[in-house]
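Please read the structure below before turning to the comments.
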Amino acid sequence: MNTIESNLLVGNDQFAIIVSRFNDLVTRRLLDGALDTFRRHGAKEEQLTVIWAPGSFELPQLAQQLATSKKYAAIVALGAVIQGETTHHDYINHQVAAGLMRTAQETGVPVMFGVLTCENLDQALNRAGGKAGNKGTEAALAAIEMVNTLKLLKSPGV
């Protein structure tokens, strides 16, 4: 059996983090978690680019632009869509998830889904550094691992 497993070291790669300004009480915490994780895994400041988006709905377009630039090994998309009194959040969540996945599939650049889809602010805060961890941290770790795994898959003999 051949097992392919990568490491969690950043190396010399460039990473982009797109952050939704909407619900920034939550998204700034996600960003802090992602930045801290990248730094702990070897990233230098010049390897990280943070781009602010108006809201989560705009994340896929920015991800597409960044991925097609070929400047970044991976993109982390961070946002928080919190359910309100209408079903508006459903439309946003589905389109954001589909758009980010489409960008990753079409470009080959990993795009991590760090968008919280919560029923209320308490749930979102719990997932942005509270008792449920920090999904920004998880998305950054996934980005590092995906970049390294893709490199291994391109290696001769794999």
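Bear in mind that the values in this text are calculations on the coordinates, not laboratory data. Everything numeric here is computed off the predicted structure, so don't read it as measured data. With ideal geometry, Cβ positions are generated from the backbone for all residues, glycine too; neighbour counts draw on all protein chains shown.
Which length gain, in nm to one decimal place, applies between Leu25 and Thr3 when the Cα-Cα distance is subtracted from 0.36 nm times their residue separation?
3.8 nm
Hey, can you rank 62-71, 103-112 by average C-beta count inside 10 Å, highest first?
Top to bottom by mean Cβ count within 10 Å: 103-112, 62-71.
Give me Ile92, Ile17 ranked fewest to most by other Cβ atoms within 10 Å of their Cβ, as a rough exposure proxy.
By the 10 Å Cβ count, ascending, the order reads Ile92, Ile17.
Less than 15 Å Cβ to Cβ from Arg39, Lys/Arg counted +1 and Asp/Glu -1: what total charge do the surrounding residues give?
After counting each charged neighbour, the total is -3.
Once each part is reduced to its C-alpha centroid, what is the distance from the stretch 38-79 to the stretch 87-158 in angstrom?
11
How large are Rg and Dmax for the chain when only the alpha carbon atoms are used, in Å?
15.5, 54
Using the Cβ atoms and a cut-off under 14 Å, what net charge is assigned to the surroundings of Gly55, where Lys and Arg are +1 and Asp and Glu are -1?
Value of the local net charge: -1.
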